[in-house]
Each structure stands twice: as structure tokens, then as C-alpha cells.
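Each remark here refers to the structure printed beneath this line.
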Amino acid sequence: MTSLTDPQRGSFRLSSLLNDTRYRSMTLQVIAAVVLALTLGYLYSNLMANLQEQGLDISFDFLYSPAGYDINQTLIDYNSQSTNLRAAVVGVLNTLLVAFLACVTATVFGVIAGVLRLSKNWLVRKLMAFYVEIFRNIPVLIWIIIIFTIMTAVMPAPSAFRGDTPSSSMLFDLFAFTNRGVYVPGPYFTRGFGGEDGSWINWLLVIGVLVASLFATRAVSARANDKQAKTGVRPKTFWLNLAIWFVPVIVLLFALGLQWDIPELRGFNFGGGIKIGGPLIALWFALSIYTGAFIAENVRAGIQAVSRGQTEAASALGLRPRRVMNLVVLPQALRVIIPPLISQYLNITKNSSLAIAVGYADITATLGGITLNQTGRAIECVLLLMLFYLVISLCISAVMNVYNNAMKLKER
Amino acid sequence: MSDTHAESVAFVRETALPPVPPPVAERGIYKWGRENLFATPLNALLTVAAIYVIYLVLAGTLPWILGGVWTTSSLAECREVLDGRSAACFSVLTDRWNQLLFGFKYPPELYWRPLLAFVLMFLAAAPVLFFDLPRKLLFFTGIYPFLAYWLIWGGTIWTPIVALLGFVVGYFVYEKLVHRSFATGFFGGVIAALAVWYVGGLAIPDLARITSGLRLEAVPSRDLGGFMLNMMLGVTCVSLSLPIGIALALGRQSSMPLIKWICVIFIEFIRGVPLITLLFVANVMLAYFFPPGSGVDLFLRVVIMITMFSSAYIAEVIRGGLAALPKGQYEAADSLGLDYPQAMRLIILPQALKISIPGIVNIAVGLFKDTTLVSIISMFDLVGMIRGPILASTDWNGVYWELLGFAALLFFIVCYGISQYSQWLERRLATDHR
């Protein structure tokens, strides 16, 4: 046995590059760097050789040439003479639209199912477990296709609404469910600002008023808290809050002259109102119920993570069940629920790329689908596509990090 | 004190009354129903609503399923048999059964080969999944990948044998050298394996010519399809991505900045993009990165991309497991004088992997579901077969629900089975005493 553990200084041999802890990590990193450089160089030389062989080059000029195809659902002006870049922007907006809609509804489904899974009612509990298992264990692509099939094969054609005794009728005379999409009433302003093109100013006004109401209600509840701290009696704020939420916005909408454009049969198809295409609905609904099942599990786990002692302690303090939920259980449960919830939102955004399976014109279908096939610029298109999704996920991760830091348990 | 005692009252009971069963309202199904179904008015309302929902679903689907037709050969014929009734035409499943499972190009007389590979898969997976089985079965697990390759793709037997030989020689060289240091053993093994493959690759054509009896009819990758393709992609990519995922997770925890950053960038990049864009890469872009004229087939390119995808996710799960281990475990390993590979192999990884099992299974289930995405890059997996050749054929144009329901059922059975197994394993591995 020897008690000497450190090798003597200056005793360098070639084998100590691998066996001596002083040099080993450097050796390994140099090896890794060389291997990495060789691999990348090899791939790059292959790429260049292949491109040269096929007479191709890397260029992003195609983005500014006319796209030459139509998109049926667009949020901004677009026609087949617009550039490929504009088609990609249309795709980006469509991706964000369906991701936003699906995030909202998936949260609603997930929270309801998650809370009901903890219900005291055996039947409801089992039903919700069934929902969660069914949707988590079947691929989302199959769900998208199933719902798209319902939209196209089961819904009646617009012609079924025609005639004296139509076989289908509109729901409340407001909504029309057809195999070409769902038609819903569309709002417009008769006394709005900016005429035809500037109607977004009006919507900005409405949103501004709603944000102002939000701040006003927060001020009201802050004052109520103050008063409660001073006098021990909390003033009733419910009716005041209700008024702050609804009165200004209703007055504004009335002043702008809000009218509804009701869809109606015109010729062979419905006209008026807003048309929500079948692919959008299929994607939206499928993503919502599929992700809702995952969110339900997160919600259930979050609520179960709050220990019973917390509820009991709150009850012992004399809080009523509703306030126990609002003040004690939910804040702690949300700390557990929100991080996986945000990563589910990220999953929704990434899964929305399955739009291409049902022909919804999101970024994958425009830039990665038609533009790629028409221009043959595979490398450029796929790189731009990946870049877009990377930016989105980095943004969502950043939001998550900010939230986690704000919500971290502050321990001494 | 009381005045009443045994001497001054007429009757005192000296034995306890026999126990009486609880009242009807407090036992059995009555009590259970009251507590679990009708506890409050709201609860009762929910129960009624739930029963109504169940009734609606069953009333809609049961007659449709039970009245299904199984024996016709086209939709028109099936509609004739149904005679206006609304019921399922399951005959599409019996008629196109082989296509659904094997795709439409795999030679029918060779169906026994993938079937045999499928059955043997259970034998190979058994010792990995259930620890009570004799360890000698692991020997078969080791040769299974090469056997399955030979069975499914066919060709000369020498290709899988040379591949296997490379691994065996590499392992023996590693064993021989590992006492010097792990790195020497590892790199020595890799070099030995590469040498065997190089020499073997040169010898295969001659060997194949000499022993022409030892070959199966070759089937090209593009002829694979149906549910078989989903299974193959799922099993191959999960098993390949486990070791890569472990390596990435360890790399991400490494103290060497270069290695750490390579792993971080790889993982975050892969996790940031949807699988479908990676499949686009496999479909249209990856071929540019291989040497000109090498013609790597689509199946292999898809396997490469899906493996990269799942290994990034598995790496994150394992990183969670590594982070969950108490620091004392690392320190204990150090204090025993173990070096890094020994500490990882003997102390850290067994515990970290155990913690990560539920997460890994979740990834595996998710990955298996995601194999349906290959239908978008026009590979004919189960979904691709349904949407392509079967629904487009004149015989079965319009049979949506039977086919989609069948696909959903197959995936449900496999995924639900896997998640049940993982729960069993978690209970089995729970060594903490609660």
C-alpha cells in the first residue's frame, strides 16, 4: 500500500494524457472537438458535393418570387400573386391562431376533467379516467383525422339547408354547421373609425377598455383589502366589479354601432358571417381534447400535491371552503400545475404542425409543404421552418423561466 | 357513586349482546351508492348526467358494432347486405387484414418472417422486462436484433453475423483492456469492432457466394408497411435512443464545458422543433449529407431522425433522475475510490434509471404514437395504409369509422399495455419502506 495519491509534478508520460486527472478532461475535450470538426466537415463536404452534382445552390431569393398558390383561410390579405414570404407569414399567423385557440380550450377541458377526476362521485370519476386514458393512448394524428372526417363526411352539405323542407337547419338561426366549415355571425361596426380598412382601430379600442376595466377592478379590490386591514370588515365589491367590467364596454360597443352579420344561404353556399374552415376546426378540437387529457392529469397531480394538512389548517383558522380553495389550495397547486401546463402549450404549438395532414395552411403546410415542393428549395425551407419553431419554443421557455423564478419558494 | 349494583336490582346482563348487522341503509350497495353516487343533490345530478352520457354513447355505437358485417368483399356488397340498416362494415378489416398489418407490397408468402420476428420479440424482451426470469435468456436478447433484421429484410445471413461479430469482438477487447482504464477499454473495443466490420464487409460478397443456401429472399425497405412499420420504428428507435439518451444526459452534466455545450445545444435544438420537421429533414434534406451516390434508404433516414428526437427527450428524463439523486451518493462513490465510469455504472445510473422509468415509458409511449407521423412523408404505415391505398380503392372508398376505429384500438391496446407495465414496474422497484 502506498499513501501517495498525487502524482509527482513533472512526471509527464504519454499515458498520463488518459490516466492522469490533470490532463484527462483536456484530452477528452480535444478529442471531442476534433471528432466534431471532422464530422461537420465531412457532412459539409458531402452537402457541397451533392449540391454541385445536382446543380443547386443555397439561396433565399425564392422568398420574394410569387407563390402562385391560393390559401383558403388567411388572416391577412393574400392572393396567389403574393410572394412566398407572405405565404409563410400567413402560415405563421395561422399556426399562432390555432395554437392560441387550442391552448385556451385545452386548458378549459383539462381543468374540468382534472377536477372531476377528484370528484366524490364514483361514476364521474371513472368516466373522466376513461376520457383521459382513451385520449392519451391514441395518436393525436388519428384524432385529427377522425374529427376532420366528422367535419367533412357527417356534416350536411350547404344544399341540405335549401328548399321548403330542408333536411338540416341552422342552430338558433345563427350558426350553420356544413361540410365546408362552420359559419358563425360576424361582428362589424356601423359608426366605427377608419372606414373599411381601419376596423382594427375599433377592436383596439374595445381591448383597451377591457384592459382599463381590469386595472380598475384590481384597484377596487386593493382598496377593499386596505379597508379590511384597517376595520376588519370587507366591503362588498361584487356588484361594483360587475359594473366596471360590463358598463364601459357595452357603452363603447353601442357608440360604435355594433351589428352582427348573420350567415345565410346565398346560391349554392352560405354567405355573410365568419367562416371557420373544417381543417381549422378539426385541428383545433383534436388538439384541445388530446392535450386536455394530459392537462387533466397535471391538474389532478397538482391538487393532490397540496397536503391535507394545509386544508385542515385553513379550516381550523375558520376559513370557509371557498376561501380555503382560493387562498390556500389553489396558490400552492398552481405552483405545481403551471410549469407542466406551459410545456403542454409548447406541445400544442408543435403538434399544430400536423395541420398538413388535413390541409390547414399553417407554416408547415405553406413553407414546408407547397412552397418547398414548388421551388424545390428543400434545405432553405426546412431550415426556416425549424428556425420558426425554435424561436417559438425559446420564447415559451423564457416565459417559463421567468415564472419559475417568480414563483420559487423563497427560503432563507 | 351509584347505588345500583348486582345485589339491589332485579336483572343485570352479564354477557355482551351478539353483534347485529348494520342497518340496511348503512351497508352494502345501498350505502356505497349513497356515498359515491348520490351524496348531495349536485352529485345526484352529475350521476344522472353521466348515466345519460354513457347511454348516448352506447346507444350510438353498440348496435352499429354488434350489427356489423364481416364477410363481404366491397362496400357496395356490404351496403346490400345491410339493406339500409346503419351498421359497421367490418369486412374491410377482414378483406384488407394483411395490408393493414404488413403494408401492400410485402410479399404475402413471406408474412411468416415478420410474424416470427414479432413473436420472438416477446421472448427477447421478456428477460429485460421481468427480472425474475433466468439471466441466460439475455443471450437471446443480444442476438435478437440481428436475427430480426435477417428475418424481416432477408438477404444473406452473413450481414447480420458480421455485424454481431463486430460487437462480440469489441466486447472481448473491452473486457481485456478495461482493467487499465475505462477509456482504453472503450476506445479499444470500438476500434476492434470497426476493424471486424471493415474486414467482414469486404468478405461478405464472397461468403454469400459460397454459401448461397444460407439466404432468405431479400425484401427492400420500401416494401415494409402497415402496423409492422409502426412497431419496427417504435421498437428500433426506443432501444437505440436509450443508450444515446444516457450518454447525452451524462454529457449534459459533465464538467467539461465543450462536451456539456455540445449536448445542451443538441438537446435543446431537437426539443424545440416538432417531429414532423425532423421527418421533413429525413425525407428531403438528409440525403444531401451522405456521400454522393450512397442512396441511404428512407427507412434508415427516418430511423436516424426519430432516434435523435427521442434520445433528446430521454436524455432530459434521465437528467431529471440524475438530479434527483442525493449528493451523498456521488460523494459516497468518490470516497470508495471509484473512478467516474465505475461510479456511474455501479452507483449512480442504477438508481437514476430506476427513478426515470416512468418518464422513459412516457417517452416510449409518446414516440410509438408519433410513428404515425411517417404517413405524412408518404410512408405507408397503418395510418398511411388507411388514408392511402385502402380508402382510395374503389372497393372501400368511404369506410372511415371501421378503419380509424381499428387503428385507434390497436394503438390503445399497445400504449395502455405499456403504461400498465410501467406502473407494475414502479411498484416492483419501490424499495423505500412506506
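Here is how the numbers come out for the structure above:
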| item | result |
| --- | --- |
| For B:CYS263: the one exception among (1) without any contact (Cβ under 8 Å) to a residue 40 or more places away in the chain; (2) farther than 29 Å from B:PHE380 by Cβ; (3) buried (at least 19 other Cβ atoms within 10 Å of the Cβ) | (1) |
| Complete set of residues in the stretch B:402-420 that are more than 8 Å from every other protein chain (Cβ to nearest Cβ) and over 16 Å from B:MET231 (Cβ atoms) | B:GLU402, B:LEU403, B:GLY405, B:GLN420 |
| Unique match (being more than 14 Å from every other protein chain (Cβ to nearest Cβ), touching a strand residue (DSSP E or B) at 6+ places or on another chain (Cβ under 9 Å) and either exposed (fewer than 12 other Cβ atoms within 10 Å of the Cβ) or not hydrophobic (A, V, I, L, M, F, W, C) (or both)) among B:GLY28, B:GLY67, B:GLY84, B:GLY103 | B:GLY103 |
| Filter result for the condition that a residue is touching a Phe, Trp or Tyr at 6+ places or on another chain (Cβ under 9 Å) and of a type outside the set (S, T, N, Q), over B:VAL199, B:VAL190, B:VAL168, B:VAL173 | B:VAL190 |
| B:PHE269, sole failed condition from (1) within 11 Å of chain A (Cβ to nearest Cβ); (2) outside any helix (DSSP H, G or I) | (2) |
| Residues within the stretch A:48-74 that are surrounded by fewer than 17 Cβ atoms within 10 Å (Cβ to Cβ), in contact (Cβ under 8 Å) with a residue 40 or more places away in the chain and in a helix (DSSP H, G or I), tallied | 0 |
| Search result, residues across the stretch A:371-380 that are in contact with a Phe, Trp or Tyr (Cβ under 8 Å, 6 or more places away or on another chain) and more than 8 Å from chain B (Cβ to nearest Cβ) | A:THR371, A:GLN374, A:THR375, A:ARG377, A:GLU380 |
| Identity of the residue in the stretch A:341-370, assigned to a helix (DSSP H, G or I) and more than 12 Å from chain B (Cβ to nearest Cβ), that ends up nearest to A:LEU93 (Cα to Cα) | A:THR366 |
| Scan of the stretch A:38-66 for residues that are of a type in the set (A, V, I, L, M, F, W, C) and either in contact with a Cys (Cβ under 8 Å, 6 or more places away or on another chain) or more than 11 Å from chain B (Cβ to nearest Cβ) (or both), ordered by number | A:LEU38, A:PHE60, A:PHE62, A:LEU63 |
| When residues of the stretch A:263-279 are limited to those that are closer than 19 Å to A:PRO187 by Cβ and either assigned to a helix (DSSP H, G or I) or hydrophobic (A, V, I, L, M, F, W, C) (or both), the one modelled with the highest pLDDT | A:ILE276 |
| Residue in the stretch A:319-330 that is in contact with a helix residue (DSSP H, G or I) (Cβ under 7 Å, 6 or more places away or on another chain), of a type outside the set (A, V, I, L, M) and not in a strand (DSSP E or B) present | no |
| Candidates B:ALA333, B:ALA408 - the one that is in a helix (DSSP H, G or I) and over 21 Å from the mean Cα position of the chain (by Cα) | B:ALA333 |
| Identity of the residue in the stretch B:278-294, in contact (Cβ under 8 Å) with a residue 12 or more places away in the chain and more than 8 Å from chain A (Cβ to nearest Cβ), that ends up farthest from A:ASN351 (Cα to Cα) | B:LEU286 |
| Every residue from the stretch B:44-81 that is in contact with a Cys (Cβ under 9 Å, 6 or more places away or on another chain), aliphatic (A, V, I, L, M) and assigned to a helix (DSSP H, G or I) | B:LEU75, B:VAL81 |
| Selected residue (only one of B:PHE186, B:PHE167, B:PHE146 is crowded, with 16+ Cβ neighbours inside 10 Å and within 14 Å of chain A (Cβ to nearest Cβ)) | B:PHE186 |
| Residues (of a type in the set (S, T, N, Q) and not in a helix (DSSP H, G or I)) located in the stretch B:139-195 | B:THR156, B:SER181 |
| Filter result (touching a helix residue (DSSP H, G or I) at 6+ places or on another chain (Cβ under 8 Å) and either of a type in the set (Gly, Ala, Ser) or assigned to a helix (DSSP H, G or I) (or both)) within the stretch A:205-239 | A:LEU205, A:VAL206, A:VAL209, A:LEU210, A:ALA212, A:SER213, A:ALA216, A:THR217, A:VAL220, A:SER221 |
| B:GLY384 vs. criteria surrounded by fewer than 18 Cβ atoms within 10 Å (Cβ to Cβ), touching a helix residue (DSSP H, G or I) at 6+ places or on another chain (Cβ under 8 Å) and among the small types (Gly, Ala, Ser) | no |
| Count of residues meeting criterion [free of Cβ contacts under 8 Å to residues at least 24 places away in the same chain and away from every other protein chain (no Cβ under 14 Å)] in the stretch B:341-382 | 4 |
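The values are calculated or read from the model by the stated rules, or taken from the named source; none is laboratory data. Source: prediction; values computed, not measured. Counting neighbours? That spans all protein chains shown, and the Cβs are built from the backbone with ideal geometry, glycine included.
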